[in-house]
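So the structure is just underneath, and the comments pick up after that.
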Amino acid sequence: MCHLPNLLYRPSYPSHGVQMSDKNIRTSRSLAPTDADSEVVVQGWAQDIRNLGGISFLQLRDRYGIIQITAPKKKTDPQVMDAITSLSRESVVRVTGTAKASDQAKGGVEVLPTHFEVISAAATPLPMGVIDKVNVEADTRYDHRFMDLRKPETRAIFEIKSTVLSLIDEYLVNNGFTEVFTPKLVASGAEGGATLFELRYFDQNAYLAQSPQLYKQMLMSTGLDKVFEIGPAFRAEPSDTTRHVSEFISFDGEMAFIESQRDVQVMIEGCMQSVIGGVIERCKGQLELLGVDVALPKAPYPTLTYESAVEMVNAEGMNIPLGEDLGTEGERLLGNIMARQGSEMYWIVEYPDEAKPFYIMEKEGTPYSYSFDLDYKGQEISSGGQREHRYDNLVSRMEKKGLDPASFNFYLEAFKFGMPAHGGWGLGVERLIQKMLDLPNIREAILFPRDRIRLVP
RNA sequence: GCCCUGGUAGUGUAGCGGCCUAUCAUGAGGCCCUGUCGAGGCUUCGACUCGGGUUCAAAUCCCGACCAGGGCGCCA
């Protein structure tokens with residue numbers, strides 16, 4: 001799969017791309033004082049209309065910003081004047097007019113209209129204001145997300161998300177990975193733990209995949225060696241938090257012929273540095289709009305064992321028994337401790353194998369496993385480890401976890417006829433974005449979030 | 001799923017037994033204004049989530065449903 005370079009925010013490329021008509025179509029970015037006295041066509045949403053009687057102003061918003069349409073009554077066709085002053089906010093219009101340099105207009109240029117076309121009049125009142133001076137609750141914003149996305153700062157998150165995905169792609173392809181797609185409709189995915197969404201599949205029952213785990217592992221027996229996938233994952237967990245949703249984008253990778261899980265960690269770490277560094281470099285405008293100062297995490301990321309992580313939080317007043325999960329509070333406290341030491345990203349390795357799925361390799365002679373979590377500012381964004389590639393051990397681990405190996409034949413078969421040592425990871429893309437941009441809720445990083453109760457829009 | 005808090009005009013809120021014919025802001029409609037950009041001035045419009053109950057009287061108290069926010073839990 002080929003990926004075009006990110007054209008946004010590289011002013012050396014023409015911003016309007018392919019010219020689709022012979023009209024002099026301009027955007028808020030391409031219109032400049034040097035256009036003065038020439039006829040231009042601009043189009044967008046009517047953000048604000050100011051009728052002062054003898055002169056009217058229309059703020060026209062497009063993808064890149066605002067263009068001011070200025071209509072002095074004496075110099076403007078009465079029909080055009082009327083159309084402007086009677087326009088409802090958020091209507092889509094196309095304006096033809098004369099560009100005029102002006103110190104009083106932002107950007108130093110405004111347009112005096114000669115023709116005015118309402119492409120789509122907006123009904124009133126708006127379900128929520130785009131520039132109103134009142135707060136709008138998150139729930140109301142998600143109910144009317146198309147309107148919410150008219151705010152540049154809301155859109156900025158998704159422009160950054162797009163850049164993150166491009167950067168991941170670039171990094172992995174440069175490191176010899178092949179991008180793959182595994183099925184999201186599956187017959188069984190009961191790898192334990194997470195609950196599945198069930199649905200009818202012709203005359204069978206099927207499930208929405210909670211993870212590409214089994215399939216990406218099967219690919220390790222093929223010779224593709226290094227694969228990654230970016231795609232949706234579905235969890236029917238009844239979670240109700242600011243960091244859980246029932247549909248999210250998972251970035252999964254799997255690598256064959258590894259020496260240890262460390263090989264996998266090195267790859268993720270390099271990828272994260274490249275992604276965060278790339279966002280800082282390519283998304284300056286969006287970060288400024290969001291008022292976020294993203295810092296490149298200190299590398300190499302410190303590695304804590306699960307045991308030492310428990311000791312660290314217990315030393316600061318918690319009381320977590322060995323073997324137990326850190327919990328939300330413990331995770332957050334650990335984040336604070338690490339922040340004090342200047343580390344936003346850090347590894348927690350060797351979790352108790354009891355808490356890990358069947359496909360993880362045990363650390364023999366200990367209650368621990370060859371597994372890792374990657375935490376970013378006190379929140380887990382990725383987990384992975386070395387997989388159990390030895391058929392007999394894998395089957396006995398399944399049995400130990402109360403799973404029936406017979407229902408995993410399609411998976412186990414790949415381990416029977418030559419399977420290299422391998423390891424991999426899964427990473428929640430929206431969690432990465434959430435922590436990177438300090439978003440209060442993971443839903444802010446999803447266009448149309450799906451949670452326990454929200455299925456619309 | 002549990003605990004806590006809450007549901008009032010399009011949006012965001014105040015009011016928390018009678019002073020409610022319900023506050024303020026924002027918005028929408030109308031009018032005035034030639035440099036607005038959180039414009040300004042005048043004016044009009046618009047709401048108590050639903051169902052039961054208590055009471056002479058309920059937006060206000062009680063019960064239930066539904067929904068939301070915060071926290072926890074569940075959790076690749």
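The values are calculated or read from the model by the stated rules, or taken from the named source; none is laboratory data. In this text the structure is predicted, and so the values were computed from the model without any measurement. Note: ideal-geometry Cβ built from the backbone for every residue, glycine included; neighbour counts use all protein chains shown.
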Quiz item: Before we move on, is residue A:105 near RNA strand B (Cβ under 8 Å from one of its atoms), buried (at least 18 other Cβ atoms within 10 Å of the Cβ) and over 16 Å from residue A:44 (Cα atoms)?
Solution: yes
Quiz item: For residue A:130, are the conditions met, namely being within 22 Å of residue A:286 (Cα to Cα), within 16 Å of the chain's Cα centre (by Cα), surrounded by 17 or more Cβ atoms within 10 Å (Cβ to Cβ) and within 15 Å of RNA strand B (Cβ to nearest atom)?
Solution: no
Quiz item: What are the residue pairs meeting all of these: first residue in region A:80-109, first residue under 14 Å from residue A:55 (Cβ atoms) and at pLDDT 90 or above, second residue within 10 Å of RNA strand B (Cβ to nearest atom) and among the basic types (Lys, Arg), Cβ atoms under 7 Å, and 6 or more apart or on different chains?
Solution: A:81/A:73
Exercise. For residue A:47, indicate whether it is outside any strand (DSSP E or B) and surrounded by fewer than 20 Cβ atoms within 10 Å (Cβ to Cβ).
Key: no
Quiz item: What strands (runs of 3 or more DSSP E) completely inside region A:170-260 contain at least 1 residues that are closer than 20 Å to residue A:434 by Cβ and small (Gly, Ala, Ser)?
Solution: A:226-234, A:247-256
Self-check item: Within region A:67-83, considering residues that are near RNA strand B (Cβ under 8 Å from one of its atoms) and surrounded by 16 or more Cβ atoms within 10 Å (Cβ to Cβ), the one farthest from residue A:129 (Cα to Cα)
Solution: A:70
Quiz prompt | Residue pairs meeting the criteria (Cβ under 8 Å; at least 6 apart or on separate chains; first free of Cβ contacts under 8 Å to residues at least 60 places away in the same chain, in region A:31-53; second surrounded by 13 or more Cβ atoms within 10 Å (Cβ to Cβ) and acidic (Asp, Glu)) | solution = A:44/A:62
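At positive phi, assigned by TED's automatic domain parsing to the domain that holds residue A:170 and either of a type in the set (A, V, I, L, M) or modelled with pLDDT under 90 (or both): does that describe residue A:223?
no
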Practice problem: May I ask you to list pairs of residues, at least six apart or on different chains, whose Cβ atoms are under 8 Å apart, with the first in region A:405-422 being touching a residue at least 12 places away in the same chain (Cβ under 8 Å) and the second being surrounded by fewer than 18 Cβ atoms within 10 Å (Cβ to Cβ) and among the basic types (Lys, Arg)? | Solution: A:415/A:390
Self-check item: Test for residue A:306: is it crowded, with 19+ Cβ neighbours inside 10 Å, within 12 Å of RNA strand B (Cβ to nearest atom) and in the same structural domain as residue A:377 (by TED's automatic domain parsing)
Solution: no
Quiz prompt | Qualifying residue in region A:198-208 (condition: within 16 Å of RNA strand B (Cβ to nearest atom), farther than 20 Å from residue A:157 by Cβ and either among the hydrophobic types (A, V, I, L, M, F, W, C) or assigned by TED's automatic domain parsing to the domain that holds residue A:433 (or both)) | solution = yes
Quiz item: Do we have any residue at all in region A:429-447 that's surrounded by fewer than 22 Cβ atoms within 10 Å (Cβ to Cβ), more than 12 Å from RNA strand B (Cβ to nearest atom) and over 24 Å from residue A:153 (Cα atoms)?
Solution: no
Quiz item: Restricting attention to region A:310-325, which residues are assigned to a helix (DSSP H, G or I) and touching a residue at least 24 places away in the same chain (Cβ under 8 Å)?
Solution: A:312, A:313
Self-check item: Subset of region A:353-367 [crowded, with 20+ Cβ neighbours inside 10 Å and either more than 20 Å from residue A:420 (Cβ to Cβ) or among the β-branched types (Val, Ile, Thr) (or both)]
Solution: A:353, A:356, A:360
Self-check item: Failed item, numbered, when residue A:294 is tested on (1) assigned to a helix (DSSP H, G or I); (2) touching a helix residue (DSSP H, G or I) at 6+ places or on another chain (Cβ under 9 Å); (3) at pLDDT below 95; (4) within 26 Å of residue A:440 (Cβ to Cβ)
Solution: (1)
